[in-house]
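Each reported figure results from applying straightforward, stated rules to the coordinates on display, with no laboratory input. Note that the coordinates shown come from a computational prediction; the quantities given were computed from them, not determined experimentally. Neighbour counts run over all protein chains shown; Cβ positions are idealised from the backbone, glycine included.
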Amino acid sequence: MTEKIISTGFILAFLTIIACSSEEGNLLPLKPSESRPRTNVSLTSEPTSTTNVSESIEYVSTNTPISVTTYQPTVKTTPVSTRTTNQTQKFPVSAKDTTLETASPTQTPTPIVITPTLKKEVVEPKLPNPTPNPFKIISQICTDESGPVCSELRLGDDYFTTTSPQKGYLYACNAKNPNAPGSNTDRLTWVDFTMKTWNFFEKLWLPKGSFEATPGTYEETIIGNTRTIKTNNLPVDGKIGDWPMTDYPILTEIDRNPGIPSSGEFSVSYSTDPSEADSPSCVSLGPIGITKNGVVIYNASDARGEDAVAKEIVDIFGGHPAMTDYHYHFIPERLDNKFLSDGHSDIVGYINDGFPLHGYKGSMGIEMTNKDLDMCHGHNHGVLGYHYHATIEYPYTVGCYFGIPASGSHVPRQSNMDVRNEPPNKNPDLSRAASILGVPEESLRSALGPPPPNLAESAIILGINEDILRAALGLSR
Ligand SMILES: [Zn+2]
Ligand SMILES: [Zn+2]
């Protein structure tokens with residue numbers, strides 16, 4: 001009972017901190033362009049943290065009759081001091097932090113009434129690991145002992161090849177294209193271009209906010225030996241960032257992606273009994289597989305042929321849109337949440353050749369690295385047969401197709417092709433546009449004809465809406 005009182009007290013104190021750190025009592029970071037220029041104090045860290053907090057709120061609201069007045073001051077001081085110490089060690093203290101620090105002493109005039117025995121039982125409150133910067137995230141696989149060192153992940157730019165598959169490389173079908181849209185290299189403060197590494201902990205991500213997408217769908221049916229997966233390409237678990245990113249100047253100056261995710265039909269059919277191809281094949285831009293969360297997987301590179309996970313801004317839930325097409329370039333850790341009896345990760349999705357993609361853990365629950373996997377980023381063991389693994393190092397999902405890839409059907413959307421704030425692009429990236437439209441690049445090129453293209457005519461040739469063609473080319477109206 002006393003434990004319950006204490007833990008309730010902790011939660012109350014925790015809520016007090018939240019109330020202190022946010023006038024609106026809103027747990028979600030505000031958009032910087034809104035009322036406050038800095039929102040460094042936020043308890044939003046990992047996707048799960050926010051959920052934990054709201055669960056705590058429910059718990060307290062149903063238990064408030066318990067009298068905790070005597071204990072409140074005690075428990076109030078503990079988490080506050082822990083938290084502020086933590087912050088001052090690691091992060092610059094903002095105006096908000098100062099408020100927090102000065103608030104706690106003035107609010108603790110009541111003598112602490114607690115017996116020594118009870119004091120011993122007071123354990124560290126299980127607060128979500130506070131990440132004061134709402135643009136940064138933490139990760140379990142990055143904080144444990146095994147697997148790649150997340151503060152110096154290998155930058156994938158030099159591990160991109162179009163000639164032949166190699167272990168640890170992405171064997172890509174599309175050549176590098178330095179003119180394609182991508183991030184502003186000068187602003188990538190978490191990338192060490194000398195060491196050719198990037199720091200997961202220092203990377204910026206789009207926070208959660210008020211944006212809500214249509215609920216995601218995922219429907220998997222098996223008829224004979226064909227597995228058909230239909231989704232609306234939005235996350236089934238509903239976890240998505242605050243798109244469009246153009247509302248966040250700090251992020252837009254790094255990556256000008258103007259996209260807004262919206263639902264669209266996505267359907268693929270794979271063999272349930274895929275077989276090894278005579279030789280591995282290259283991986284194209286655009287969808288290369290689908291997660292059980294209903295969101296498509298793109299390969300590890302951006303349209304330039306550079307490391308998309310290291311360089312592009314995605315949301316704290318791991319995805320971002322190409323126009324309206326939400327996708328992952330790596331597997332968000334929360335999707336790796338089912339394990340086989342020996343600790344091996346379960347299937348998190350399927351790759352275009354029909355082989356399954358498992359999560360981060362191999363046999364005995366040991367986190368996989370490129371060293372454990374073949375050149376296509378998979379391996380074959382036990383009853384599982386051949387399967388790919390997610391890793392937190394480039395190429396993240398697959399390096400090449402071990403089997404024969406099926407061509408997915410990707411229906412471009414007819415609505416919400418919002419390209420606002422996107423400046424006219426003098427050199428549209430045809431390879432990226434073709435991938436967005438789901439047509440061969442040659443078809444797009446011939447439909448456009450010699451410059452300057454007549455977009456209305458080209459759209460008719462391609463059998464698509466002119467706005468969609470414009471959006472895919474990154475052109476404004
Ligand atoms: Zn992308
Ligand atoms: Zn395995």
What distance in nm separates the simple spin-label points at residue 193 and residue 221, each placed 7 Å from Cα in the Cβ direction?
5.2 nm
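For the stretch 142-403, what Kirkwood radius comes out of the mean inverse Cα-Cα distance, in Å? Please list the in-between numbers first.
Numbers: mean 1/r = 0.0542 Å⁻¹.
Final number for the Kirkwood radius of the stretch 142-403 is 18.4 Å.
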Using modelled backbone amide H atoms (1.01 Å from N, in-plane), which distant-in-sequence or interchain residues come within less than 5 Å of residue 352's amide H?
289
Work out how much length residue 265 to residue 334 would gain on full extension: take 0.36 nm times their residue separation and subtract the Cα-Cα distance, in nm to one decimal.
22.4 nm
Let's test this: bin the Cα-Cα distances of the stretch 281-326 at 10 Å from zero up to the farthest pair and state each bin's percent.
24, 62, 14, 0
Size of electric dipole in the stretch 142-403: Cβ of Lys, Arg +1 and of Asp, Glu -1, about Cα centre, debye, nearest 20:
220 debye
In the stretch 142-403, if the dipole is taken from +1 on Lys/Arg beta carbons and -1 on Asp/Glu beta carbons about the Cα centre, which of 391, 234, 314 is farthest to the positive end?
234
Using θ = phi - 60° and the Karplus curve 6.51 cos²θ - 1.76 cosθ + 1.60, what whole-Hz ³J(HN,Hα) does each residue of the stretch 234-251 get, with Gly and Pro shown as x?
10, x, 4, 7, x, 8, 8, x, 8, 6, x, 6, 5, 6, 10, x, 4, 8
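If the chain between residue 455 and residue 164 were fully stretched, how many nm would it gain, using 0.36 nm times the residue separation less the Cα-Cα distance?
Computed gain between residue 455 and residue 164 is 101.1 nm.
Which number comes out as Rg/Rh for the stretch 237-302 once both Rg and the Kirkwood Rh are worked out on C-alpha atoms?
On the way: Rg = 16.3 Å, Rh = 15.2 Å.
Ratio of gyration radius to Kirkwood radius for the stretch 237-302: 1.07.
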Three semi-axes of the equivalent ellipsoid, the stretch 309-394, Cα gyration tensor, whole Å, largest first:
24, 13, 13
Any of 136/196; 176/338; 176/230; 167/292; 176/239; 230/371 with alpha carbons more than 29 Å apart? Name them for me.
176/338; 176/230; 176/239; 230/371
When 269, 281 are ranked with the fewest other C-beta atoms within 10 Å first, the list becomes 269, 281
Within the stretch 274-382, report the trypsin sites (Lys or Arg not before Pro) that DSSP leaves as loop and that have at most 13 other Cβ atoms within 10 Å.
338
Per-residue Cβ neighbour rank within 10 angstrom, fewest leading, 302, 158
158, 302
Taking 0.36 nm per intervening residue step and subtracting the Cα-Cα distance, what contour gain separates residue 140 from residue 371 on full extension?
81.1 nm
